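Working notes, beginning with the structure itself.
The values are calculated or read from the model by the stated rules, or taken from the named source; none is laboratory data. Computed from a prediction, not measured in an experiment: that's the story for all the values here. Here Cβ is always computed from backbone atoms with ideal geometry, including for glycine, and neighbour counts include all displayed protein chains. Just the protein is used for accessible areas: all its heavy atoms, side chains included, with ligands, DNA and RNA removed. Shrake-Rupley method; radii C 1.70, N 1.55, O 1.52, S 1.80 Å.
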Amino acid sequence: MTHPNRVALGEFKPSDYWATHVNSIFYGIKGPEIHNHFQTYVSLDYRLAHALANDFYAKAQSQQRPENDKWVVQEWGVGNGNLAACFLSRLREIDSDNEVYPFVYYILCDESEEILKGVRANARLLEHAGKFSTVRVHAEHLDCFRTHSVAKIITNEIWDDLATKVLLKHQGLYYEEYLCPFLETLPSEDFLEQFKNKDLEKLAAFPNFLNTIHWERDFQRVDLDDWPFAEILKAHAEEFKDEIPMPINTGAFAAIKKARELLGPGNFGYTSFDYGMKTMKDLNQEGRPYFNLYGGQYTFMVNFPLLENIGRSLGFTEITREYQNQFVGKDLGSEVVSLVDLVQNHPQVASMAPWDRDILMLGTLNALNTVYQSPYSGKLDYPALQGTPKKQRKQIAQLAKNLSGRGVPDTVAYVSREEVLAALKPLRKLGYREKDIQSAFQSPPSAVAFVHIQFSS
Ligand SMILES: C[S@@+](CC[C@H](N)C(=O)[O-])C[C@H]1O[C@@H](n2cnc3c(N)ncnc32)[C@H](O)[C@@H]1O
């Protein structure tokens, strides 16, 4: 029901329309602070990038030298550029015979100029000057590259930002989600026009309005014949349980299609990591979320079974889907968990105040750091949350000061079973029991998880 005191910022439109509208405003107006906004599995950690580099190296060694002596690697939606930097550094390190690294050229593509500015100043990446370039381009319209000119494409957490429709089955009929954004009060007189036209310069004066949008939803009858890849979609939708909103990541369809066009002969495929439902059972799980709002940014969970079907229809013949930690674990030859998952298994964590959880996290980082040695230097910045009482604030500052400059690089960084067991003594002092550690490594994945998918042909 529409609230009488709220002002509509437009009309009800399909979810993909409004979510991409606000996301392009979000990326366009945030300025340099945008870099503080993301914490992903690659923004500070290196293990995913190293696993990709090891895999690339193994494949490149079994291949002929590329055309023009150049293997072009492209990454779409690049954040701070740390994935590219760690990928190149690892490749350089393992390529002692100079068979691969000298022939690799890395292109970082992103829609946001602010993001690319940050990338060009990334010190770790600048070690590879001359080996990379940046291109400002929208991931659904990558028309500036020659077909069959790319050897490898990588994306991490970008599909969830791209256009996504939401479909719901009810008694054999299909309904699409429509959204409408509302605000309690308009920040200025001309705001509606500026919002409609994505007038970034003017909208930048109100950087926080996106957080205060109230979204209303509605479902309207839809004919799937009008949607892209209609036949595949109809077959997929037959398997839907009634009444469960299903994300249909049409932006990812476009990205996979483009990847197929750009990948050249003897390529190493398109690898993507994202957050979503790995199986049909996960899709059909009642009550699982299908969208998220982060600081005003609108993201959707990824429907991996459907994207696999789309990939096959486009001619990719080998497609693999696995949990992201399995991919990293295979590379390390050990099971891995993200540090935050370890902390979640601490026996007292559920009853802790947020600042005490910070203290536990910092204690866990320091415990792991007694055995962990990162190949990169860089101390994790760990400020106290707003509202942290004085005593805990002091404790947090002290623990953060004690963090090692070669320690676990992030609170979401992957740590192996061996590393965790080697730090058992200091972990016990923090209250972890061996069974908590076992359960961190054995927790069944949830219906929405981080997934790795690889398309090859
Ligand atoms: C959630 S961040 C992930 C960044 C990085 N891959 C990582 O994992 O740290 C999404 C990235 O995709 C970029 N992006 C979002 N929409 C895009 C689009 N339509 N085309 C190209 N880049 C886009 C953003 O600017 C940002 O760099």
Select, from 22, 42, the only residue that is open to solvent by less than 50 Å² (accessible area, probe 1.4 Å), within 16 Å of the ligand (Cβ to nearest atom), touching a residue at least 24 places away in the same chain (Cβ under 8 Å) and in a loop (DSSP other than H, G, I, E, B).
42
Residue hits (the range 189-226; within 30 Å of residue 242 (Cα to Cα), assigned to a helix (DSSP H, G or I) and open to solvent by 80 Å² or more (accessible area, probe 1.4 Å)) are 225, 226
Out of all the residues in the range 292-306, which are out of contact with any Asp or Glu (no Cβ under 9 Å at 6 or more places or on another chain) and at negative phi?
293, 294, 303, 306
Quickly run through the range 46-75 and pick out the residues that are in contact with an Asp or Glu (Cβ under 7 Å, 6 or more places away or on another chain) and hydroxyl-bearing (Ser, Thr, Tyr).
57
Screening 155, 134, 185 for residues that are touching a residue at least 24 places away in the same chain (Cβ under 8 Å) and under 30 Å from residue 246 (Cβ atoms) leaves only 155
For the range 341-379, what are the residues that are open to solvent by 70 Å² or more (accessible area, probe 1.4 Å) and small (Gly, Ala, Ser)?
350, 351, 377
Considering only the range 91-130, state which residues are more than 25 Å from the chain's Cα centre (by Cα) and over 21 Å from residue 58 (Cα atoms).
129, 130
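So that you can scan it fast, the table gives a plain yes or no per residue for (1) of a type in the set (D, E, K, R); (2) out of contact with any Cys (no Cβ under 9 Å at 6 or more places or on another chain); (3) under 22 Å from residue 404 (Cβ atoms):
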| position | (1), (2), (3) |
| --- | --- |
| 333 | no, yes, no |
| 336 | no, yes, yes |
| 350 | no, yes, no |
| 354 | no, yes, no |
| 357 | yes, yes, yes |
| 362 | no, yes, yes |
| 366 | no, yes, yes |
| 372 | no, yes, yes |
